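Just dropping this structure here.
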Amino acid sequence: MSGRELGGEFMYDVLVHALSGSEDERARAEEKILGLETRSGFYASLAEVGSAGSEVGADVKWLAVVCIKNAVPRSWRKRNNSALTEDERIFVRKTLLGMVGVSHQMLATQVSVAIGRIARLNCPEEWKDLVPTLMTVIGTTATDEQKRIADHALETLHIILKEFSTRRLSKDRKMYEAMAPELLGCLLPIWEMNVGDIVTGGSNWPRSLHTAKLVMKSIRQILAHALPSVEGNEFARRYFTRILELPDIFLRGAQGGSDEEMALSKLAAKSVIEAQNRHPTGFREYLQPFLEVYTSLLMKYDPGRSSEKAEALGCVFVKNVAQCPTYRRPIGSNGDDTEVTPATAAGSIVESFFSTQTCVNLIQELIARIFVLTESELQSWEDDPEGFIRDEEAADWNSDKLRPIAEALYVSLLSRHRDLLVGTVLGLTESVPDSELLLRDACYRAIGRGCYEFTTTLNFAVWFQGQLEPQLKAPISEDMRGKVAKARATWLIGQFVSQIPRDVRVIVYGDLVPLLGDRGDLVIRLTTVGALNALVEDLDFDGNDYAPFFLDSISGIFQLSSATEETESLSLLLQYATSLIEKTEPEIIQPHLGRMAKELMILWDSGVTKQSRSDDLGSKNLIRSSIVSLLKKVIEVVGPNAVKDPDIAKLSYPVIYFGTLAEGGGGVYLTEDAMDLWLVLLHELEEYVEDMSRLFPNLVGILRRDFDNLKVALDIIVAYSVVGGAAFMRTHGQSVLDIFLAITGNVRDRGAVAASEAIEVLLQLFPQEVSKLLVPVFSTMVDLMMANKESTLVSKNHDNLIARVVVQDYDAFEMLIKTQRGHEANPAVARERMLFVVRDLIDKTDMHWGTLRKKLAGMALCAIMARNNENEELLLELPMMLNVLVQVLAELDEEKEPDQHPETAPAGHLVTFIGLTDHDEQPVKEMHSPRKPTLYQQRLQSIHDNDFAANLNFAEVCRTGLNEIRNRNPAGFDAVVATASPSILKQLQERI
């Protein structure tokens, strides 16, 4: 290790500083460690410290190994770190391997992880002795100390195998598969020996249990990722057979036990699950016995005694088998004409097992044992109703909780024998006595979870009126079981929304909306919000039918908001309000604007500062984002009348200001939502107001920070220009210049094109003012194009802007030509820049969409040539310019509707042109009565109609320009024109 830059003593000092109680000192040391990663000796010095004796504290050794572990993915590979020599790698690997068996538990864990990460990159090619050494240590257990070291070696092996499983290259997968027999040949006897000790219950029972658990973790990894097939594999047969032989050890989910006892049952289930997932056909010889045992355990589940996690894993296996597509019979096959293959053989086993009677029995037990609310859940309902709702709504069929997994299994079983099983569930529901309300609730849960399967059998409208509505109308009982019945009836409505006809919906609204009131059970009220939200978001929702209930709904939402404490609950309320506003006619909403604004202000100012909501800034901002989204939807739907409402205005401007402060801590999503609200408010303003003017500096701050919201920011600038007009430009013109200077050359193509489109609207609004104001921007565009730093897409958009400047204000064009990189250019450079612009306009004319941009290019070329006809180099471009003019004239002649502008803007430009947001571009169902063009859209249309450049007569501009060139330089003109194509000259004469 001679010649390395870093030594152990030096690294020891750095690590000690990294453990300092001073935050500043710790930060400096951490930064220094990162900077040393690619220095020679970095890893070796850390390994020396980590493996040092008692003279070095355990915390320092722990940090040294942690640093190795963290650095390996970044700088262990040769291509990432040329300073790391092979000798140093060998030294580090040998040192870490020698640390296997270290007694300090936290240090031991980090050693295992560090070895695993290096093994992923180096084993077995460059670290051939790693696995053999570990296997030797694992097999040496004569003394208690050797057993302890062997346990650490097993933990290390497990981590190594986990790292191997993340490899994706074919050669790595084959290497892992080749190792599997040898690994299992060593591990399985150790596992069998320790299982034997557990069975006999000797004095070493606790250690044997611990060792068996460690071995099973590695076997599980091999079965899931390394073993090519379990079919005919002797090791797999011994392993699974032993599990089945010892149900009291490996299959004790129903009977429960201590954490240590249950650990083996959970590991066994995970092994079975992963083996079946990886080898669905090869696992077929084990399908029947494991289906029988895990189904039996489910049917014996006792909530007060059984292990929920172990039962959940068994349920996962049964669910996976029931859902596995490999076991499904091909569509159209009756089973008799199917060729016998491993897959069809496995499918036959599964189909035979899931007979009608088995499915009936299993579903009945799932409903009676797992779907029934437990006493602890009922207590949670009382003590933490919002937490109860959160757990119910967050139920994920991919979770590790038993009930969601059992629900997924139940739905899979329903699909196998739909007609019979649906009848079974309905019959079970009818047979439940009135005294068994919790069991009836479980049946209702089953019906709701399988709602899709019930649609052809259950007439929900009739069932609602006969069974559910009486429960909704009944007074809220103080008895918990009565509350459960009312909440479940409400929940079922949300599950069967698509099955409720319009005439029944009105009845449903009348039953549900009163439940939002300020009295009653919070779980029932929040469940009602979920059901109403599902109804409102349904495609068949009709706002007119809901109109009589609108005020009570809004009142109920705000009453309920004061009773909730959790972010999720308030977000659900605001989501419901937003959906309701979106689907309601403006005239129904308008009378209640003031009330809604005042309630939202209370929520904004104080509601989000409740103690339970104030701990997490992210949660507060989530609520604020929901408030902003609701406010935006109100203004979108109601239109200008919403903006005129003093309470809406009083709320909107402070909300936008807070949400768009560059350093306000509002978070990314709040900033985005606030900017959307800002844009909507601008679109609906009838006249420019001082409050809106005071907001603009926030936009400057946002764009100084980053360009993440560039598109919306540009739309806001355009809207300010349209609504604020000259007053806006007088106040914020310099800021507009600064923004476009910052954007130009510093964003990707999409952003650059959007900026060009925004500038084009400004040029249409203020032809001369903006042409001069943005000279530095246009000059920078020329600089970038000349340096070939812009793509063709961006360059042609820049050309279009420069052409418009030429046509609208030639003096501004001369200023930008004479300015280079912010300084005045000498005459020679200015002539070079002008020649570049002319050539680029000629070259890119064909690339422009529509005729307006081509028309602008042609008019700009005429103007430049006419003003600079003495420039002989420029005059040589005249023949090519004539080609452009003829092309544009021909396209104008082909326009079918000459009374309209010869221009069709692309989709992206239309968004800016007609004042729509990105959300408006998507086709959606018509929510409200057709609305005439907004004032903002009318303003944009007026700008388009009165575009100075678009209204110029192109042929007349060409005729005037060419005459001026000829009059000023007859000889030069004639000489150059003589080189032009006769056909081009003939077409030109015919058209102008």
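For the stretch 716-844, what is the convex hull (Cα atoms) projected area averaged across all directions, in square nanometres? Present the calculation step by step, with values, prior to reporting the outcome.
On the way: hull surface 28.6 nm².
Taking a quarter of the hull surface, the average projection is 7.1 nm².
What distance in nm lies between label points placed 7 Å from Cα along the C-beta direction at Asn80 and Ser348?
5.3 nm
Further question: Relative to the present Cα-Cα distance, how much length would full extension add between Ser498 and Arg750 at 0.36 nm per residue of separation?
That works out to 86.6 nm of additional length.
Quick one: which of 724-731, 440-447 comes out on top by average Cβ neighbours within 10 Å, and what's the full order, highest first?
Details: 724-731: 15.6, 440-447: 23.2.
Going by the mean number of other Cβ atoms within 10 Å, highest first, we get 440-447, 724-731.
To continue, here is another question. Just how large is the dipole of the chain about the Cα centre, in debye to the nearest 20, putting +1 at every Lys and Arg Cβ and -1 at every Asp and Glu Cβ?
Numbers: 103 positive and 139 negative charges, 461 e Å.
Taking the Cα centre of the chain as origin, the dipole is about 2220 debye.
Next question, about the same structure. Rounded if a/c is under 1.5, else prolate if a/b is larger than b/c, else oblate: which is the stretch 686-737, with a ≥ b ≥ c the root eigenvalues of its Cα gyration tensor?
Prolate, because a/c is 1.5 or more and a/b exceeds b/c.
Also, quick follow-up: Given the Cα-Cα distance of Gln938 and Ile476 and 0.36 nm per residue of separation, how much length would full extension add, in nm?
Working: separation 462, 0.36 × 462 = 166.32 nm, distance 5.42 nm.
My answer for the length gained is 160.9 nm.
Using a 7 Å offset from the Cα along the Cα-to-Cβ direction at both Lys309 and Leu876, what is the distance between the two label points in nm, to one decimal?
8.3 nm
Please report, largest first and rounded to whole Å, the three semi-axes of the ellipsoid equivalent to the stretch 297-454, where each semi-axis is the square root of five times an eigenvalue of the C-alpha gyration tensor.
Ellipsoid semi-axes (Å, largest first): 31, 18, 13.
Would you kindly calculate the translational diffusion coefficient of the stretch 800-872, applying Stokes-Einstein with the Kirkwood radius from alpha carbon pairs, for 37 °C and a viscosity of 0.692 mPa s, and quote it in µm² s⁻¹ without decimals?
262 µm²/s
Which distance in nm do the two modelled labels at Arg418 and Ala727 give, with both placed 7 Å along the Cα-to-Cβ direction?
With each label placed 7 Å out from Cα toward Cβ, I get 6.4 nm.
Another one. Going by average Cβ density within 10 Å per residue, which order do the peptides 703-709, 83-89 take, highest to lowest?
The peptides rank, most packed first, as 83-89, 703-709.
Quick one: if you take sqrt(5λ) for each eigenvalue of the C-alpha gyration tensor of the chain, what semi-axes come out, biggest first, whole angstrom? Working shown, then result.
On the way: eigenvalues 844, 407, 175 Å².
After scaling each eigenvalue by five and taking roots: 65, 45, 30 Å.
Okay, moving on. As an exercise, use a Förster radius of 41 Å and the Cβ-Cβ distance of Met106 and Glu339 to find the FRET efficiency, rounded to the nearest 0.05.
Using R0 = 41 Å, I get an efficiency of 0.10.
On to the next question. With the cut-off at 1.5 for a/c, could you classify the stretch 19-104 from its C-alpha gyration tensor as rounded, prolate or oblate?
Working: a/c = 2.28, a/b = 1.09, b/c = 2.09.
Oblate, because a/c is 1.5 or more while a/b does not exceed b/c.
Arrange the peptides 941-954, 404-417 so that the one whose residues have, on average, the most other Cβ atoms within 10 Å appears first.
404-417, 941-954
With only alpha-carbon atoms counted, please give the Rg and Dmax of the stretch 1-147, in Å.
15.5, 50
Determine the calculated [θ] at 222 nm for the chain from helices alone, applying -39500 (n - 2.57) to every DSSP H run no shorter than 4 residues and normalising by the residue count; nearest 500 deg cm²/dmol.
Numbers: 54 runs with 702 residues, N = 992.
Roughly -22500 deg cm²/dmol at 222 nm, from the helical runs in the chain.
Mark the label point 7 Å from the Cα of Glu260 along Cα→Cβ and return the residues of the stretch 203-222 whose backbone N is within less than 17 Å of it.
Only 203-216 pass the distance filter.
Assuming 0.36 nm per residue, please report the length gained on full extension of the stretch Ser203 to Gln467 beyond their Cα-Cα distance.
88.9 nm
Out of Gly53, Leu703, Leu267, whose Cα points farthest toward the positive end of the dipole of the chain (charges: +1 Lys, Arg; -1 Asp, Glu; placed on Cβ)?
Gly53
Given a Förster distance of 30 Å, report the FRET efficiency between Thr455 and Gln379 from their Cβ-Cβ distance, rounded to the nearest 0.05.
The calculated FRET efficiency here is 0.30.
Additional query: Which FRET efficiency value, to the nearest 0.05, is calculated for Ile90 and Glu245 with the Förster distance at 41 angstrom and r the Cβ-Cβ distance?
Once rounded, the FRET efficiency stands at 0.35.
Since every read-out is calculated from the coordinates, none of them should be taken as a lab result. It should be emphasised that the depicted structure is a prediction, and the values quoted were computed from it without experimental measurement. Please note: Cβ atoms are built from the backbone with ideal geometry, for glycine as well, and neighbour counts cover all protein chains shown.
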